[in-house]
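Report on the following structure.
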Amino acid sequence: MERALLITVDLKRDSSFNPEMAKEELKQLSITANLEIVEEVVCHRDKIDSGFFIGSGKVEEITNLLKEEGINVVIFNNDLSSTQQRNLEDAWQVKTIDRTQLILDIFAKHAQSQEGKLQVELAQLEYLLPRLTGKGIMLSRLGGGVGTRGPGEQKLEADRRRIREHIVRVKDQLKDVRTHRQNLRKKRTNEAIPVIALVGYTNAGKSTLLNALTNAGQIVRESLFTTLDPLSRVHKLKNNQKVIFSDTVGFLERLPHGLIEAFKATLEEVKQAHLLIHCLDISHPQYEERAKAVNIVLNELGVEDKPMITALNKIDKLTDRTWLERLKRDFKNSVAISAKLSQGLPDLEDLIIDALRGEFKSLRLSLPLDKIKLVDLIYQQGKVKEIKYTQESIEIDADLPINLGEVLKEYEKE
């Protein structure tokens, strides 16, 4: 296990930055990356030092700390330029990586599917391309460990042309994946099943909620970014409506833009969803900041106006629940739940049914007798109010999802 020093730089010009929250998050990221945290340092600066990010005086101070404690990796809670990274490694003679590189390493560790691995590889290659100068020598000296997972030494030592060629190949492969996903979505549209995307900050309990609602068997751990590969499960609500719940990759404050770009195919699930469920861990001391971070990512995806329910999760961890009613007022269209203990799920389902009610319309249909299979579909996804069989047709009066109504439009009676 590598011994790590964590450095959070608080730039005083950024009033929105919370150094304590950032420090705690960097610690959790480092634990997820299987690092032994030896020391944590917070530096307060008015401006960035172009050569070392933190200034030469602080660099010298940290040099002594690294030697005394036998630290062999330094993690910055900020993004470093290639020059700053190279200068710091030359001064300290230990591997130095930034926040984006650490997150990419965690993603590489957790990606299981071909799609997930391709998305991580693309993000890593695009991160490394502008930093290629001097990388070959540096990586040969340092070997493996955190920050070097994924493409591997041989690829990282390649020249810019080969890296660019590889990026093109990965993008082509992801296009194929995206086409496959679009075909799946088209099939869902034809079957007229509403999609509900679970979104939220990493480790907010989305996978636990998916398991509680659908018995999905999704892996659940108390660590960041456990879920990278999206998982969708069909579920029938208590009003007999069939829906698809889709788990998504967890969000993060200051989520690297390259990751959002690389994971666009996965995040399309959010854009195509009929309804979002924002799973929010209200037991976390910075739950408000985390809710804002999720909304920022939703804005970047262009889905801020999509219907959303806020599931105030992990109420089982609260010692005082008297302020839950105030929280419900603060978060519009919300419900208090414990996904772990399956508490509040009936109330959540009621909100889902109400939110999707606008997706239904009353229709009178006249189906040919050879289309009797459509009757099963109507019973599965809608509410049949009246049905009559004649010698020539099947007459049905039913409340149906709007998108199913579009599919059956040709059979609608005037």
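Among THR208, THR179, sorting on how many other beta-carbon atoms sit within 10 Å of each Cβ, with the fewest leading, yields THR179, THR208. Footprinting exposure proxy ranking of MET308, MET21, MET1, fewest other C-beta atoms within 10 angstrom first, gives MET1, MET21, MET308. Placing unit charges on each Cβ (+1 for Lys and Arg, -1 for Asp and Glu) gives region 1-97 a dipole about its Cα centre, and among ASN64, LEU80, MET21 the Cα reaching farthest toward its positive end belongs to LEU80. Once you sort the root eigenvalues of the Cα gyration tensor of region 359-411 as a ≥ b ≥ c, which label holds: rounded (a/c under 1.5), prolate (a/b larger than b/c) or oblate (the other case)? It is prolate, given that a/c is not under 1.5 and a/b is the larger ratio.
As a rough footprinting exposure proxy, the listed residues TYR389, TYR287 were ranked by other beta carbons within 10 Å of their own, and the order from fewest upward is TYR389, TYR287. Full extension of the chain between SER366 and GLU20 gives 118.1 nm of extra length, using 0.36 nm per residue less the Cα-Cα distance.
Taking a ≥ b ≥ c as the square roots of the eigenvalues of the Cα gyration tensor, region 286-414 is prolate, since a/c reaches 1.5 or more and a/b is larger than b/c. Taking a ≥ b ≥ c as the square roots of the eigenvalues of the Cα gyration tensor, region 1-97 is classed as oblate, since a/c reaches at least 1.5 and a/b does not exceed b/c. Pairs spanning more than 28 Å between alpha-carbon atoms, out of LYS236/LYS373; LYS47/LYS117; LYS23/LYS47; LYS236/LYS409; LYS23/LYS314: LYS47/LYS117.
Taken together, the values in this text are just the output of simple stated rules run on the coordinates, not laboratory data. Computed from a predicted structure; not experimentally measured. FYI the Cβ positions are ideal-geometry reconstructions off the backbone, even for glycines, and counts take in every protein chain you see.
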